[in-house]
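Report on the following structure.
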């Protein structure tokens, strides 16, 4: 009997040690993700705590977190297994920020962008007035309608969790559908589609002569080592050769950055060179947030940095619903945290379809778009300048000239120049659960 008790105690001890080693360190990430997600959906997107917990937070381990909302402070505090507590707080104009431990934000002192949003007395996409009915003789509307409707089908065997689909052809909305509870005014988190927005801001800066793709010596911290030779183009192509681990299933560079670090722009900056620039493709959200920090360094004041993204790009093309959240240090989280309606995500796709020209005004150079859709060395035709590509045939039944913004859980803006198409899809499932290739195939083939 004593031997049995001894073995039992030993087993319990091993279990506790294993738990402490594998799970306890993750509790900061779990409570951080949960509080940030609930707060952003509640105060930015206007969705309930219950819906967010049931759908958006329906990912492994999130059920460990208990969320408490403070309506007066407009904050959410999450505690994982009653042990690790994190708070996220909403600030008008810059969204929800995840607070470092014991940090306090005074709501009256933070800076926010100054946005000018005049009423645009024009039909979509150059305004928000309803379009006139247009019938294209070369469009099989019945097939198109079925392709869109099929994207919303959820059964016991197929779970897609689509929330919105928008199909734009020759500037005309051919199809637009939303899951019950969502509509044309609903905000959708783009996740990594935000990376393409960050790239576009750099494209504007290039047109204005503030940067070039070949610029190097980008950070003072790099001047005394081989990192000084890394170019802006290398960072946009994700082939800088810098060390980085992007794995959302564990504690690593990307999860520490998004849910622990107060200054997300510095995490990649402090990594060593482990590869050869222009020949070491490695997808890195840290690279994009470092670029956000680089953009910030080009302005004399923080206010100028905050304003620039909106005055020179976002509001300039009427994406008035779009908001990019900042981190605790005031940097735009250019890797992950842009919110917008499906129609405004569609406008962003159209800007690239039109090679940077918006209603007669050149926002960034056509050459910037060409760079964005040129395959990166080492990516097998799958990646360009902060855009995903179909040059390598990832989507086998879709034209190879397609390029796209893509984000976690299946956020997409597909741009197909040869078909004059932009297709937006948002939801909570990605390939293979959501068959993007089959979805696009039916849409493309509905246009003869």
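The values are calculated or read from the model by the stated rules, or taken from the named source; none is laboratory data. Keep in mind that what you see is a predicted model, and the values were worked out from it rather than measured. Every residue, glycine as well, gets a Cβ built from its backbone with ideal geometry; the counts of neighbours run over all protein chains shown.
Would you check if residue 310 is assigned to a loop (DSSP other than H, G, I, E, B) and out of contact with any helix residue (DSSP H, G or I) (no Cβ under 7 Å at 6 or more places or on another chain)? Taking the combined requirement at face value, the residue does not satisfy it.
Can you name the residue in segment 108-129 that is within 15 Å of residue 168 (Cβ to Cβ) and touching a strand residue (DSSP E or B) at 6+ places or on another chain (Cβ under 9 Å) and, of all such residues, is surrounded by the most Cβ atoms within 10 Å (Cβ to Cβ)? Here the residue is 125. I'm trying to understand the selection: among the residues of segment 233-243, which are out of contact with any strand residue (DSSP E or B) (no Cβ under 8 Å at 6 or more places or on another chain) and either touching a residue at least 60 places away in the same chain (Cβ under 8 Å) or on the phi > 0 side of the Ramachandran plot (or both)? Within segment 233-243, 233, 236, 239 meet the criteria. Taking each residue of segment 246-258 that is in the same structural domain as residue 333 (by TED's automatic domain parsing) and looking for partners that are surrounded by fewer than 17 Cβ atoms within 10 Å (Cβ to Cβ) and at pLDDT below 95 with beta-carbon atoms closer than 6 Å, six or more apart or interchain, yields 251/25. Among the residues of segment 268-281, those that are surrounded by 17 or more Cβ atoms within 10 Å (Cβ to Cβ) and in contact (Cβ under 8 Å) with a residue 40 or more places away in the chain comprise 269, 273, 277, 278, 280, 281.
Reported count of residues in segment 323-370, each being outside any helix (DSSP H, G or I), under 20 Å from residue 45 (Cβ atoms) and without any contact (Cβ under 8 Å) to a residue 60 or more places away in the chain, is 0. Checking the structure you have, find out if any residue of segment 130-147 is within 27 Å of the chain's Cα centre (by Cα), under 30 Å from residue 38 (Cβ atoms) and surrounded by 15 or more Cβ atoms within 10 Å (Cβ to Cβ). Checking segment 130-147: not a single residue is within 27 Å of the chain's Cα centre (by Cα), under 30 Å from residue 38 (Cβ atoms) and surrounded by 15 or more Cβ atoms within 10 Å (Cβ to Cβ). Within segment 130-153, the set of residues being in a loop (DSSP other than H, G, I, E, B) and either modelled with pLDDT of 95 or more or out of contact with any strand residue (DSSP E or B) (no Cβ under 9 Å at 6 or more places or on another chain) (or both) comprises 133, 135, 136, 137, 138, 140, 151, 152, 153.
A single entry from 265, 233, 240 fulfils the requirement of being surrounded by 19 or more Cβ atoms within 10 Å (Cβ to Cβ) and outside any helix (DSSP H, G or I): 240. Residues in segment 431-448 that are without any contact (Cβ under 8 Å) to a residue 60 or more places away in the chain and touching a strand residue (DSSP E or B) at 6+ places or on another chain (Cβ under 8 Å): 436, 440, 444.
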